[in-house]
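The values are calculated or read from the model by the stated rules, or taken from the named source; none is laboratory data. Keep in mind that this is a model prediction, so the values were computed, not measured. Please note: Cβ atoms are built from the backbone with ideal geometry, for glycine as well, and neighbour counts cover all protein chains shown.
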Amino acid sequence: MSSFKGPRGTQDILPGEVEKWQYVESALTDLCYRYNYKEIRTPVFEHTELFQRGVGDSTDIVQKEMYTFTDRGDRSLTLRPEGTASVVRSFVQNKIYGSPNQPTKLFYSGPMFRYERPQQGRMRQFVQFGVEALGSDDPAIDAEVIALAMNAYKELGLSSLKLVLNSLGDKKSRSRHRQALVEHFQPYKEELCEDCQSRLATNPMRVLDCKKDREHESMHTAPSILDYLNDESRAYFEAVKSILDRMGIEYEIDPNLVRGLDYYNHTAFEIMSNAKGFGAITTLSGGGRYNGLVEEVGGPATPGIGFALSIERLLMALEAEGITLPIEDKLECYVVSLGEEAEQEAAAIVYQLRQAGIQVDKDYAGKKMKAQFKAADRLNAHYVLVLGEDELTNGQINVKNMETGEQETIALSTIVEHMKRELKGDA
Ligand code: HAM
């Protein structure tokens with residue numbers, strides 16, 4: 001008999017683990033509302049061209065990592081590799097830029113897909129939680145997005161964090177830097193890896209991000225973008241840093257932080273974990289400003305900034321720092337019954353209790369009474385309700401508080417009210 005395995009780079013999130021996801025996702029959602037970001041949900045697939053244009057033709061994501069397919073109507077579609085391009089597409093398509101409430105502050109969460117080589121913290125399907133603020137080029141909004149990202153981790157108890165910051169400048173600064181990079185790397189071209197050789201022609205900044213050539217001498221002497229920022233870009237970067245300073249958010253400047261997507265300009269940042277045992281990939285999240293993207297996708301010139309984190313890496317960081325989330329595995333009630341008629345009555349009681357908002361379960365395996373008690377114990381039931389043949393005949397039910405050991409017998413007709421009082425403090 002053959003058996004199936006999930007595709008490489010995907011995972012099942014099972015009960016016991018899924019509660020951590022729910023906890024973290026709910027904490028992140030609360031945090032976004034606190035910062036006045038509203039949720040947006042976009043489709044999991046888009047027209048391939050959106051990512052080619054948005055994320056950029058010369059990026060690894062578009063060149064090597066997309067799950068692209070042709071549908072039955074002969075359209076080229078792609079499972080989203082990230083969320084920003086889709087949010088911007090929706091912002092333009094739905095004319096959200098016309099709303100009087102600007103900037104538009106959005107958050108999203110959902111699966112993303114990249115055909116990467118799977119390893120710990122690098123999946124082919126992973127969940128990103130991200131925010132995008134569209135319509136403001138106030139440096140304070142850059143600081144707000146960075147603050148939100150840091151806040152997310154701190155709120156969950158992480159402390160071994162490093163915020164790395166850079167400015168990629170505006171178009172003019174970048175094109176001067178690009179020229180300088182090409183001139184700098186040209187003499188070493190033959191010594192660099194194949195990818196870098198082609199990057200030198202298509203996207204020279206990405207050479208700085210090469211994992212293979214990281215130690216090549218030319219990397220250490222490469223011209224820094226920060227020396228090529230024009231006055232406007234420099235002033236913008238200074239303002240962002242100054243607000244972060246006032247917020248008391250520490251950062252490190254790394255002129256080689258270039259990010260893997262084409263749409264960035266000005267502020268770029270990543271948050272890394274310093275925790276021992278976190279693993280080879282230390283980046284927890286990344287983001288930055290993308291002032292040309294809305295136009296690229298067909299909308300009016302609108303500045304934007306955002307970031308995204310993956311829940312997988314967030315959970316890895318929590319584990320590396322030994323943080324356990326306050327997740328309770330509890331059941332409010334378990335109904336134990338003995339005899340066929342009592343069992344039928346128990347099924348009805350369970351239904352009534354559930355309708356009254358009480359979390360309750362019973363046995364469905366014909367277990368003996370002792371085994372039912374054991375099950376209640378394993379499920380961490382707060383109350384066990386016992387309905388035996390005698391109780392049924394007398395119209396009663398026994399209620400045992402498993403935390404205090406107290407027991408009482410009450411009228412069956414009052415059980416719902418009784419349990420509401422016990423558990424919710426109301427009648
Ligand atoms: P990114 O740096 O490509 O940026 O991804 C953001 C985060 O997603 C990474 O820092 C990492 O935590 C997570 N991530 C990426 N690939 C994987 C993977 N294969 N497995 C697990 N986690 C992964 C973006 O996607 C931008 N859209 C972020 C952004 C939003 N910029 C502006 N707004």
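Points to keep in mind about this one:
- Output for the range 157-203, where each listed residue is part of a loop (DSSP other than H, G, I, E, B) and closer than 17 Å to I249 by Cα: G157, L158, S159, S160
- Qualifying positions in the range 285-302 - within 12 Å of the ligand (Cβ to nearest atom) and either in a strand (DSSP E or B) or polar (S, T, N, Q) (or both): S285, G286, G287, G288, R289, N291
- Of all residues in the range 263-284 being part of a loop (DSSP other than H, G, I, E, B) and within 9 Å of the ligand (Cβ to nearest atom), the one that is farthest from R174 (Cα to Cα): I281
- Residue, nearest to the ligand (Cβ to nearest atom), within the range 88-109, restricted to residues that are in contact with a Gly (Cβ under 8 Å, 6 or more places away or on another chain) and in a loop (DSSP other than H, G, I, E, B): P103
- A search for C-beta distances below 6 Å between a residue of the range 383-412 that is of a type in the set (D, E) and any residue that is assigned to a strand (DSSP E or B), counting only pairs 6+ apart in sequence or on different chains, returns E391/I397; E408/V399.
- Qualifying positions in the range 176-193 - more than 22 Å from L226 (Cβ to Cβ) and touching a Leu at 6+ places or on another chain (Cβ under 9 Å): K189, L192
- Any chance L309 is hydrophobic (A, V, I, L, M, F, W, C), outside the structural domain of M402 (by TED's automatic domain parsing) and not in a loop (DSSP other than H, G, I, E, B): yes
- From the list P103, P81, the lone residue that is in contact (Cβ under 8 Å) with a residue 12 or more places away in the chain and buried (at least 21 other Cβ atoms within 10 Å of the Cβ) is P81.
- When we screen V127, V145, V131, V164 for residues that are β-branched (V, I, T) and either touching a Ser or Thr at 6+ places or on another chain (Cβ under 7 Å) or not assigned by TED's automatic domain parsing to the domain that holds E270 (or both), the only hit is V127.
- A count restricted to the range 397-413 and to residues that are touching a strand residue (DSSP E or B) at 6+ places or on another chain (Cβ under 8 Å) and part of a loop (DSSP other than H, G, I, E, B) stands at 3.
- Test: residue in the range 78-87 that is of a type in the set (S, T, N, Q) and either more than 16 Å from the ligand (Cβ to nearest atom) or part of a loop (DSSP other than H, G, I, E, B) (or both): no
- Considering P7, P43, the condition of being outside the structural domain of V131 (by TED's automatic domain parsing) and outside any helix (DSSP H, G or I) is satisfied by P7 alone.
- Close pairs from the range 334-357: first aliphatic (A, V, I, L, M), partner exposed (fewer than 15 other Cβ atoms within 10 Å of the Cβ) and in a helix (DSSP H, G or I), Cβ under 9 Å, at least 6 apart: V335/A347; V336/M369; L338/M369; L338/E389; A342/E389; A356/E417; A356/K424
- In this structure, G260 does not qualify as on the phi > 0 side of the Ramachandran plot, assigned to a loop (DSSP other than H, G, I, E, B), surrounded by fewer than 22 Cβ atoms within 10 Å (Cβ to Cβ) and not aliphatic (A, V, I, L, M).
- Members of the range 115-145 that are part of a helix (DSSP H, G or I) and either within 9 Å of the ligand (Cβ to nearest atom) or at pLDDT below 95 (or both): V145
- Count of the range 243-284 residues which are farther than 16 Å from S160 by Cβ and free of Cβ contacts under 8 Å to residues at least 12 places away in the same chain: 3
- Number of the exception - M112 against (1) more than 9 Å from the ligand (Cβ to nearest atom); (2) under 24 Å from T267 (Cα atoms): (1)
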